[in-house]
Amino acid sequence: MSSQEEILNDGRFSRVARDPRFWEMPEKERKIKIDKRFRAMFHDKKFKLKYTVDKRGRPVNYTSTENLRKFYALSESDSDLSEDDSKEHTEKKKKKKKAKPKGKADS
């Protein structure tokens with residue numbers, strides 16, 4: 001750490017600390033926002049690949065969906081909509097489940 005402080009205190013490199021091109025990217029902006037049309041890629045089998053070795057031949061144990069979640073995120077407005085959709089979907093399932101036993105009991 002002291003070497004970094006020395007570099008930043010050096011007059012030749014003091015500009016680097018103030019230049020926004022060299023600032024670290026905020027976590028909110030790191031992930032690319034994906035709208036609801038592409039949310040299926042997080043759980044669809046077509047997008048899931050299981051890796052056994054990395055590009056250098058070392059053994060690894062992860063899937064491509066972990067990489068997708070690392071680099072992509074649902075946009076906030078769409079993620080709110082997807083939560084509402086999932087709530088509505090579960091409510092519809094509950095209503096259907098309640099309706100089916102009544103129909104079976106009558107016949």
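FYI, it's all coordinate maths here, none of it is from the lab. Since this is a predicted model, take the numbers as computed values, not measurements. As a convention, Cβ positions derive from the backbone with ideal geometry for all residues, glycine included, and neighbour counts pool all protein chains shown.
Around the amide H of I34, modelled in the peptide plane, lie the amide H atoms of A73, L74, S75, all under 5 Å away and 5 or more residues distant in sequence or on another chain. Amide H to amide H, with H built 1.01 Å from N, Y62 comes under 5 Å of Y51, counting only residues 5 or more places away or on other chains.
Sites listed here are chymotrypsin sites (Phe, Trp or Tyr not before Pro) in the stretch 1-68 whose DSSP assignment is loop and whose Cβ has at most 16 other Cβ atoms within 10 Å: F13, W23. Taking θ as phi - 60° and the Karplus parameters 6.51, -1.76 and 1.60, the scalar couplings of the stretch 35-46 work out to 7, 5, 5, 10, 5, 5, 5, 7, 10, 7, 5, 5 Hz in sequence order, x denoting glycine and proline. For the stretch 8-60, applying the loop criterion from DSSP together with a ceiling of 10 other beta carbons within 10 Å to the trypsin sites (Lys or Arg not before Pro) yields R12, K55, R56. Report relative contact order for the stretch 26-81 in percent, whole number only (criteria: Cα-Cα under 8 Å, sequence separation at least 6). This gives 45 percent for the stretch 26-81. Of the GluC sites (Glu not before Pro) found in the stretch 6-64, those that fall in a DSSP loop while having at most 15 other beta-carbon atoms within 10 Å are E24.
Between K45 and F71, the distance separating the two model label sites (each 7 Å from Cα on the Cα→Cβ line) works out to 2.5 nm. Of the residues S64, A40, T52, the one whose Cα sits farthest towards the positive end of the charge dipole of the stretch 26-81 is T52 (charges of +1 on Lys and Arg Cβ, -1 on Asp and Glu Cβ, taken about the Cα centre).
For the stretch 26-81, lysine pairs with C-alpha atoms less than 17 angstrom apart, excluding pairs fewer than eight positions apart on the same chain, total 5.
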